[in-house]
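The values are calculated or read from the model by the stated rules, or taken from the named source; none is laboratory data. This is a predicted model, so every value here is computed, not measured. Here Cβ is always computed from backbone atoms with ideal geometry, including for glycine, and neighbour counts include all displayed protein chains.
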Amino acid sequence: MLSLNFSKFPILYTERLILREHVLSDAETLYAMRTNETVMKYIDRERPKDLLEIKTFITTFNDGFENGDNLAWVIAAKEKPEKMIGSIGYWRTDYANHRAEIGYMLHPDYWRKGIISEALKRTIDFGFIDMNLHSIKANINVENNASRQILLKHGFVKEAHFKQDYYFRGQFLDSEIYGLLNPNH
Ligand SMILES: CC(C)(COP(=O)(O)OP(=O)(O)OC[C@H]1O[C@@H](n2cnc3c(N)ncnc32)[C@H](O)[C@@H]1OP(=O)(O)O)[C@@H](O)C(=O)NCCC(=O)NCCS
């Protein structure tokens, strides 16, 4: 059985990082990240209008966890757990097929230090072992080479290229879909 319902939010640790639940005091950092055009360059989603929208977003993450719909972690350094530097999580859980989509973003000050790699490795293990996912999906903008490279590095394979299947800001954009199968199944 696929389980996304945990009695307590699953805090995860890696060598350098803590992956913890979002709290309302992360709102300003999350807002800054989601309105930063360097971070959002290949994330084709409307930017949040204000802090209130972000606070609602955080509540939705936390409610989603309680309902078993998604699982979104704040990435922070172990020695400074209150300072959010990025996020990673599962969403669009497809229960029938034991498949969930992973997404991640990191503040540019921390890029190319292996941080998302470290967080991704831990969350993939959690997805396969604790959530019992059968496969993990990632959906990237075809121009997002950094994200493509990180996925390939973690064993994802390209499963599809959809032509102009996504409408954003007046344009139909292509999507590239990557997938990773649970090696224990
Ligand atoms: C993509 C992103 C998450 C990478 O995070 P990161 O912590 O800098 O990545 P890592 O340092 O763990 O890099 C791991 C590997 O990914 C690849 N990679 C990361 N950034 C890259 C870049 N700018 N160009 C090419 N490859 C890159 C490399 O293979 C790298 O391994 P290497 O450093 O040994 O060469 C980060 O650039 C980001 O937040 N971008 C904006 C948000 C975003 O696009 N999210 C993904 C949406 S699908």
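Structure values in brief
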quantity	calculated
Residue match in the range 45-53 (condition: touching a residue at least 60 places away in the same chain (Cβ under 8 Å), within 13 Å of the ligand (Cβ to nearest atom) and loosely packed, with under 12 Cβ neighbours inside 10 Å)	yes
Residue match in the range 152-171 (condition: in a helix (DSSP H, G or I) and within 17 Å of the chain's Cα centre (by Cα))	yes
Qualifying residue in the range 156-173 (condition: modelled with pLDDT of 95 or more and within 12 Å of the ligand (Cβ to nearest atom))	yes
Qualifying residue in the range 126-133 (condition: in contact with a helix residue (DSSP H, G or I) (Cβ under 6 Å, 6 or more places away or on another chain), over 12 Å from Y178 (Cα atoms), more than 7 Å from the ligand (Cβ to nearest atom) and of a type in the set (A, V, I, L, M, F, W, C))	yes
Some residue of the range 72-84 being touching a helix residue (DSSP H, G or I) at 6+ places or on another chain (Cβ under 7 Å) and either of a type in the set (D, E, K, R) or in a loop (DSSP other than H, G, I, E, B) (or both)	yes
Selection from the range 137-151 of residues that are buried (at least 18 other Cβ atoms within 10 Å of the Cβ), more than 7 Å from the ligand (Cβ to nearest atom) and of a type in the set (V, I, T)	none
Every residue from the range 85-116 that is of a type in the set (V, I, T) and either more than 7 Å from the ligand (Cβ to nearest atom) or assigned to a loop (DSSP other than H, G, I, E, B) (or both)	I85, I88, T93, I102
